[in-house]
Amino acid sequence: MRRRTTLALPLVLALAATAFAGPNDPELAIGTKGPGFELMGTDGKKHALPEFLSKTKATAVVFTCNTCPYSKAYEPVLLEIAAQYAKQPVSFVLINSNSAEVQPLDSFDEMVKLAKEKKYPFVYLHDETQAIATAYGAQRTPHVFLLDAEGVCRYRGRIDDNAKRDEVQTHDLTTAIDALLAGKEITTAETKAFGCTIKWRKAS
Amino acid sequence: MHDQVAQSLLMPRLGAMLLATLVGLGACGGNGDPTPPAVGLEQLQERTRAPRDRPLLLVFWATWCDPCVAEIPDLVTLQTRHQDGLEILSVSLDVFLHPIEQSRALVQAQLERTPTPYEHCIYVGTQDALFAAFELPGGIPYALLFDAGGKLVRHFNGRVPVEELEQLLAVSSHRSL
């Protein structure tokens, strides 16, 4: 019995490690093309991925929302980063994939209100079916995927390593954007996105 | 499979409780402690390795995380039902969003709203170090189950499945008799 346990334990741990990957689809791999989308924006227009790829050298697709405290903490950071790159060929595409059934304050109407109130300089798109979050393997808010001009994912993960501005040590997203614009290698291409879990629709 | 995991949960150590008392593993606040202490990564790791006579459930959460707060009654139930068969240690990650003073106030306020019969502490350290040490997937709630010998036996990504955990503990208790 003791021997059986010794042999079986690694198997149990291996199975536990597999389960640890979580129920959601895996994150979009570095070096693969970001799935296309056509989603309604808070500006009342539909926006598709090629629109951004054709205009800029770097497109930051940011899964975020109205309600997550972590997303709220990063909202001013995103506004600051967008202002920082306003004159450079960089697009910021914010996507809200949270279910409004689960979190009513993430409804499209609420998104429109927030975008107006905060004078968003970037598009804020509604992923009502959650198909785009699923396609990208986005799991958190905020969760970033940085695409190059060909739409290939070159960085994924967090915006930086600390939501408290005076304690940030690594500016992961902007470092990746700078490297991409300069045609240099992105040394840290993957980080763990920390934040709220995307609010998935309840199974019917 | 439960039998195999449960066996690994047993591993009672001679004098584990006595040793734990002697080395003074009181880094985190006890039941009802009004001021959950701040702990660093090393203290947390030491705690998971410390000798004890029962499994340890390490739960990462934050007051700003709605699913984490929603899980608290489940953890209260678990600890109440298994006072001698499970040790729960709740680790707040509020400092990832707020300064320590504010984090402590938020945790205290939450614990006043929902008193808990298990220990609490507040992690103070970097995300990177914690994520690497405990393989955090990036979302909370997230829990790790260690056996009495300090070996990691199960991850719970999301809310702890009470029934599954109780099945493990039930088999474990049965075997130890």
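What follows is calculated from the coordinates using simple rules that are stated; it is not laboratory data. Keep in mind that what you see is a predicted model, and the values were worked out from it rather than measured. Heads up, the Cβs are rebuilt from the backbone with ideal geometry, glycines too, and the neighbour counts pull from every protein chain shown.
Things to note:
- A:Q88-A:A135 pseudo-label distance in nm [points 7 Å out on the Cα-to-Cβ vector]: 2.7
- Neighbourhood charge, 14 Å Cβ-Cβ cut-off, centred on B:G40 and excluding it, Lys, Arg +1 and Asp, Glu -1: -2
- Cα-based helix-to-principal-axis angle, A:108-117 vs chain A, degrees rounded to 10: 50
- Residues whose placed amide H lies under 5 Å from that of B:R154, excluding near-sequence neighbours: B:L145
- Backbone amide hydrogens, once placed in the peptide plane, bring B:I88 within less than 5 Å of B:L57, B:E119, excluding anything fewer than 5 places away on its chain.
- Per-residue HN-Hα couplings for the stretch B:68-74 [Karplus 6.51, -1.76, 1.60; θ = phi - 60°; Hz; x = Gly/Pro]: 5, 5, 5, 7, 3, x, 5
- Only helical runs count toward this figure. For chain A, summing -39,500 (n - 2.57) over DSSP H runs of n ≥ 4 and dividing by all residues gives -10000 deg cm²/dmol at 222 nm.
- Annotation for the stretch A:27-131: trypsin sites (Lys or Arg not before Pro) lying in DSSP loop with at most 11 further Cβ atoms inside 10 Å of their Cβ are A:K45, A:K87, A:K119.
- Separation between Cα centres of the stretch A:130-189 and the stretch B:45-117, rounded to whole Å: 31
- Three-way shape call for the stretch A:160-204 based on the alpha-carbon gyration tensor, with the a/c threshold at 1.5: oblate
- Computed from the C-beta positions of A:K118 and B:E101 and an R0 of 25 Å, the FRET efficiency is 0.35 to the nearest 0.05.
- Set the Cα radius of gyration of the stretch B:97-154 against 2.2 N^0.38 Å, with N its number of residues, and you get 1.34.
- For B:Y142, the residues whose modelled amide H falls within less than 5 Å of its own, excluding neighbours fewer than 5 places apart on the same chain, are B:F60, B:G158.
- Quarter of Cα convex hull surface for the stretch A:39-197, i.e. mean projection, nm²: 8.6
- Between the exposed loop cleavage positions of chain A, defined as GluC sites (Glu not before Pro) in a non-H, G, I, E, B DSSP state with at most 13 neighbouring beta-carbon atoms within 10 angstrom, the longest gap is A:1-100.
- For the stretch A:28-52, no residue has its backbone nitrogen under 13 Å from a point 7 Å from the Cα of B:E135, taken along Cα to Cβ.
- Flagged links, alpha-carbon separation over 31 Å, of A:K55/A:K113; A:K116/A:K164; A:K46/A:K184; A:K118/A:K184; A:K57/A:K164; A:K113/A:K202: A:K46/A:K184; A:K118/A:K184
- Helix axis angle, A:69-84 relative to chain A longest principal axis, alpha carbon, degrees: 50
- Shielding by partners for peptide A:189-195, expressed as the average number of C-beta atoms from other protein chains within 10 Å of each residue's C-beta, is 5.
- Within 10 Å of the Cβ of each residue in A:158-165, the mean number of Cβ atoms contributed by other protein chains is 3.
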